[in-house]
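This report concerns only the one structure given below.
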Amino acid sequence: MKVISRKAEQKNMRLPDLIGLLFPRRCPVCQEVVEDRGERVCSICRTRLPYIRGPVCLKCGKPLLLEEQEYCQDCVRKRRWTDRGRAPFLYDKVMRKSIAGYKYGGRREYAAFYAEEILRRCAGEMKGWKGEVFIPIPLHPSRRRKRGFNQAELLAKELSKRSGIPTDARLLSRIKKTHVQKELNDQERLTNLKNAFSVRKGKVPYKNIILVDDIYTTGSTMDTAAKVLKEHGAQKVYFVCICVGNGN
């Protein structure tokens, strides 16, 4: 066993304080330096977070208006390849600004906060899924080069650190450069994503998979990825993300 001297121990204890001074945490809501030392979000900003409460769709986790509803309108009218999914937040203007800062503003440290909130709010149900691996939704290589990182992969790695479930970021690849989904209607989204994903190893070595992405709206991306995984050997494909759109 390695013995650490008292002097070295004191030095290590001061290191986080020094890092905090040089690189202070930014709040994922207001995007200013976090007011409360040691926290990932300002206490007042936490009250602005749009946590999902009340009844949710049994398939995708979108909030529902009525307690007696089981599924949202999208999940009623569409065939789903994902078995179930959850997110802690509703995709509103607060989270739209937060995720924009994460993806395009260089605030990669937000991934740790998002991962903690996903597990804090969704871990109970995730345990029942018995997921063997987190697989992030991949970016096309050209888009990854432009952005500098894959936000879903970074989130998956933060989830792995906290849950012990490994991440496999190489199994699924994006072989087609697609258009931005939010600009398309339902049919255009399906056409856009056709043949977009490929399984690199030819066969999926996992039975229960948890896909990871930042935002879930219509579910087209998750379903397309889940379909490919199931066609290559996966039995159950679940998903987690930071936000979902409104279900109603």
Selection within segment 58-72 - touching a residue at least 40 places away in the same chain (Cβ under 8 Å), part of a loop (DSSP other than H, G, I, E, B) and farther than 16 Å from residue 222 by Cβ: 64, 65
Does residue 90 meet the test of being at pLDDT 95 or above, of a type outside the set (Phe, Trp, Tyr) and assigned by TED's automatic domain parsing to the domain that holds residue 222? yes
(1) surrounded by 13 or more Cβ atoms within 10 Å (Cβ to Cβ); (2) part of a helix (DSSP H, G or I) all hold for residue 100 apart from (1)
Which of (1) closer than 20 Å to residue 215 by Cα; (2) surrounded by 15 or more Cβ atoms within 10 Å (Cβ to Cβ) is the odd one out, the single condition residue 69 does not satisfy? (1)
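Conditions (1) modelled with pLDDT under 90; (2) outside the structural domain of residue 61 (by TED's automatic domain parsing); (3) among the acidic types (Asp, Glu); (4) closer than 23 Å to residue 101 by Cβ, marked per residue:
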{"residue": "170", "(1), (2), (3), (4)": "no, no, no, no"}
{"residue": "180", "(1), (2), (3), (4)": "yes, no, no, yes"}
{"residue": "190", "(1), (2), (3), (4)": "yes, no, no, no"}
{"residue": "196", "(1), (2), (3), (4)": "yes, no, no, no"}
{"residue": "210", "(1), (2), (3), (4)": "no, no, no, no"}
{"residue": "233", "(1), (2), (3), (4)": "no, no, no, no"}
Subset of segment 113-149 (residues that are of a type in the set (Gly, Ala, Ser) and either within 11 Å of the chain's Cα centre (by Cα) or part of a loop (DSSP other than H, G, I, E, B) (or both)): 115, 131, 148
Being without any contact (Cβ under 8 Å) to a residue 60 or more places away in the chain and closer than 23 Å to residue 160 by Cα is the filter here, so list the residues in segment 200-227 that pass it. 200, 201, 203, 204, 205
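The values are calculated or read from the model by the stated rules, or taken from the named source; none is laboratory data. No experiment lies behind these values; they were computed from the predicted model shown. Methodologically, a virtual Cβ is constructed for each residue, glycine included, from the backbone with ideal geometry; neighbour enumeration extends over all protein chains shown.
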